[in-house]
1. With a 1.4 Å probe and every protein chain left in place, work out the accessible area per residue of segment 300-441 in Å², rounded to a whole number.
2. If you project the alpha carbons of segment 269-437 onto the principal axes, what extent comes out on each, in Å, largest first?
3. Subtracting the Cα-Cα distance from 0.36 nm times the residue separation, let me have the gained length for Thr138 to Gln342 in nm, one decimal.
4. Could you please state how large a percent of the accessible area of segment 269-437 is carbon and sulfur, counting protein chains only and using a 1.4 Å probe?
5. Treat each spin label as a single point 7 Å out from the Cα along the C-beta direction, and report the Met383 to Ser56 distance in nm.
6. In nm, what is the difference between 0.36 nm times the number of residues separating Ser171 and Ser214 and their Cα-Cα distance?
7. Order 225-237, 350-362 from most to least packed using the mean count of other Cβ atoms within 10 Å.
8. Take peptides 416-429, 368-381 and line them up by average Cβ neighbours within 10 Å, highest first, as a rough protection proxy.
Amino acid sequence: MALSILAFLFCALFLTPTTAFDPCASSESKPDTSDLSVLHVYGKCSPFTPPQASSSWANTIINMASKDPERLTYLSSLVATPKPISVPIGSGQQILNIGNYVVRAKIGTPGQLMFMVLDTSNDAAWVPCSECTGCSSTTFAPNISSTYGPLDCSMPECTQVRGLSCPTTGSVSCLFNMSYGGDSSFTATLSRDSLTLGTDVIPNFAFGCINSVSGKSIPPQGLLGLGRGSMSLLSQSGPLYSGVFSYCLPSFKSYYFSGSLRLGPVGQPKTIRTTPLLRNPHRPSLYYVNLTGVNVGRVKVPLDPALLAFDPNTGAGTVIDSGTVITRFVQPVYNAIRDEFQKQVKGPFSSLGAFDTCFAVTNEDIAPAITLRFSGMNLVLPMENSLIHSSSGSLACLAMAAAPNNVNSVLNVIANLQQQNLRILFDTVNSKLGIARELCN
């Protein structure tokens, strides 16, 4: 009998099949239908690889930050020119730049899986479609979806996108075009189909079905706009999400990068600090907030209030954005913050990519905390939200920079590195932005 028991235990311990741990298994959509996984576009659990495939994870982040000026140029262009919303579409192109996070979404019936870039500063969604010229190998096939249909030029949604002119007579599909990152562009047909997020289904969702691509900067599987405009996910989902969503972005130090996108009011933090969301009538999609000042350690940095003030006519002010890597301030504001930071940290200082204030990591313990002061709340950034490290680990750099010196460099942008391990809540109905500490990994 004893031998039988020992034999059984031997088999149970050594012969039972085992399954290897899959770190990306938890990045599938959560059982809660409103909580979706958010993946870094070049993280372990994403299907995409960085342009420099052999680069270290730290260098990948540094290289992405070097692309921020194009993103800032795009955001500045949005506030510089009012967007027509009630006239037939005209000629012209809209400039975009690549996002940093993707979410699993399904288009059509049955649903076809796409990893779509999240963008809080954009409204329209778009995906590459089959027979697209220049697109990636993963495309949406409209012909196998029973709920797909192109939108006619006469439909009101066609006035919400910029692009190709509609003919004065006859009935044709609504076409539009966009430029992306300064070196890429695409054309698309405005269409409708079912969008599935987790187990939520949004019928008749309007999006661009991409027909052709030029260049290599187009997000391979499309983009999902989380702005406040009429074409955004929030507007098209109506009462399903009640104009509320939040996201939590894990630490950039984690290659196994998976956060969460929470759609709708259910499950949002009950206790959270908030600041008013401001609206620019020329570009209502952007999430403006009132940044009133910045502290470096215990020092309130002396700043001209006019450099932070919200002005819808010029587009000046501060926005919170999911597609910019490091926070960018207009040049005089950044210079003042950097100079005070350097006063409190031992040099010498050097540059690394987009970062001009790098120092020996051995001095990191005396680096002061950065506090962003908003109307109604202060946000003290954890050190990992203020500093980024070189791939060798020998340097720490202040993870902020100046906005590019273009014709409309009046915009300050709170970027995603400064948002990591925070729950960022967007309540468009009550015009509030909430921030709460949360471990997002």
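1. Heavy-atom accessible area per residue stands at 37 Å².
2. For segment 269-437, the Cα spread along each principal axis is 47, 41, 28 Å.
3. Result: 68.7 nm gained on full extension.
4. Here carbon and sulfur together make up 54 percent of the probe-accessible area.
5. Simple spin-label model gives 1.9 nm for this pair.
6. Full extension from Ser171 to Ser214 adds 12.7 nm.
7. In descending order of packing, they fall as 225-237, 350-362.
8. Output ranking for 416-429, 368-381: 416-429, 368-381.
The values are calculated or read from the model by the stated rules, or taken from the named source; none is laboratory data. Keep in mind that what you see is a predicted model, and the values were worked out from it rather than measured. Glycine also receives a Cβ, built like all others from the backbone with ideal geometry; neighbour counts cover every protein chain displayed. Heads up: the accessible areas ignore ligands, DNA and RNA and are worked out on the full protein's heavy atoms, side chains in. Shrake-Rupley method; radii C 1.70, N 1.55, O 1.52, S 1.80 Å.
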